[in-house]
Amino acid sequence: MKKYKIGILAACILLLGTAGFGIAYQQQTSAKEQSHSFNVLVMGVDERPGDTGRSDVLMVVNLDTSHNKAKVMPIPRDTRVHIDGKGTDEKINHAYRYGGIPLTVRTVEKFLDIDVDYYVKVNMEGFKDVVDELGGVNVKNPFPFVFDSFIFPEGENALNGEKALAYVRMRHEDPKGDLGRNNRQRQVVEALLDKGMNMSTVKNIPSLLTLVKKHIRTNIDVSDAFTMYNIIKNGRPDFETVTVKGEGQIVDGTWYYVVKPSEKKQLSAMFQQTNE
């Protein structure tokens, strides 16, 4: 039983960091021990040689350990925000280019008026290795499209690492744009989490932990992560996908996704931590 728990936990750590593709629960024994919910910012960064990169995926996850629930909120990459410390209003994915993880965290906190308790950053290229290590994923594609030379027919699709990365990256061919891409990300989140909850994952532990070390940066201590007992005791968490509602606008010649203050206020209330 101990090996089974460790296998699931190792997979959950990995999935949590895979560009938002996975959810994990963690019970801290320090400042957060009295808290029953907390926020994790997941960043999928498209890094290339000689380029700091931008956050290709941003996702805020609120974990409620008391009720075994998770709220997942992808933030569209073109969302217009004030870049804290830069003094400019730009697309939110620029924050990583200017100041890496710290500036991205501060920018999201200011934008939504919430506290980000933990962060996980993953190299998007590493996502392919993760999916392949877990034996691929199956998703139900709502409409046919072609992207990066891959054909995705409508209906059930079996995806290896490269195809899964293309599946979650496509947005221009999607009539819903970023929102449609967010839905595909959610599909892969749940598919990967199902894989992580499978006992067969145990045999992948050494390779999974190697991938974690290579591709993921987080302020969640790995030793503490092995205390994430709720996800095993209570099983798969109930997901609630939260949509950031906004509208496209051209500002100074650049297209942005603009979110009204009233919408930000509602989102802030949804992602406030609780001790109940």
Next item on the list: With a 10 Å radius around each residue's Cβ, average the other Cβ atoms per peptide and rank 140-146, 266-272, 55-61, 79-85, highest first.
Entry: 55-61, 79-85, 266-272, 140-146
Margin query: Quick check on the range 61-147: take the gyration tensor over C-alpha atoms, sort the square-rooted eigenvalues as a ≥ b ≥ c, and tell me if it's rounded (a/c under 1.5), prolate or oblate.
Written below: prolate
Note to self: Multiplying the sequence separation of Lys260 and Asn68 by 0.36 nm and subtracting their Cα-Cα distance, what value in nm do you get?
What the structure shows: 66.1 nm
Check: Between Lys176 and Asp132, what length comes free when the chain is fully extended (0.36 nm per residue of separation minus the Cα-Cα distance, one decimal in nm)?
Finding: 13.0 nm
Next item on the list: Run the 1.4 Å probe and let me know the accessible area of Thr218, rounded to the nearest 10 Å².
Entry: 50 Å²
Next item on the list: Determine the order of Tyr256, Tyr119 by accessible area, beginning with the largest, at a probe radius of 1.4 Å.
Entry: Tyr119, Tyr256
Notebook entry, point to check: In what order, largest first, do His172, His215 sit by accessible area if the probe radius is 1.4 Å?
Noted result: His172, His215
Notebook entry, point to check: Just by accessible area at a 1.4 angstrom probe, what is the order of Thr210, Thr243 from largest to smallest?
Noted result: Thr210, Thr243
Notebook entry, point to check: Label-point separation (nm) for Asp148 and Thr241, each offset 7 Å from Cα along Cα-to-Cβ?
Noted result: 2.0 nm
Item checked: Residue list for the range 119-149, given a label point 7 angstrom along the Cα-to-Cβ vector of Glu156 and an amide N cut-off under 14 Å -> 137-141
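The values are calculated or read from the model by the stated rules, or taken from the named source; none is laboratory data. No experiment lies behind these values; they were computed from the predicted model shown. Positions of Cβ are backbone-derived with ideal geometry, glycine not excepted, and every protein chain shown enters the neighbour counts. Only protein heavy atoms, including side chains, enter the accessible area calculation; ligands, DNA and RNA are left aside. Shrake-Rupley method; radii C 1.70, N 1.55, O 1.52, S 1.80 Å.
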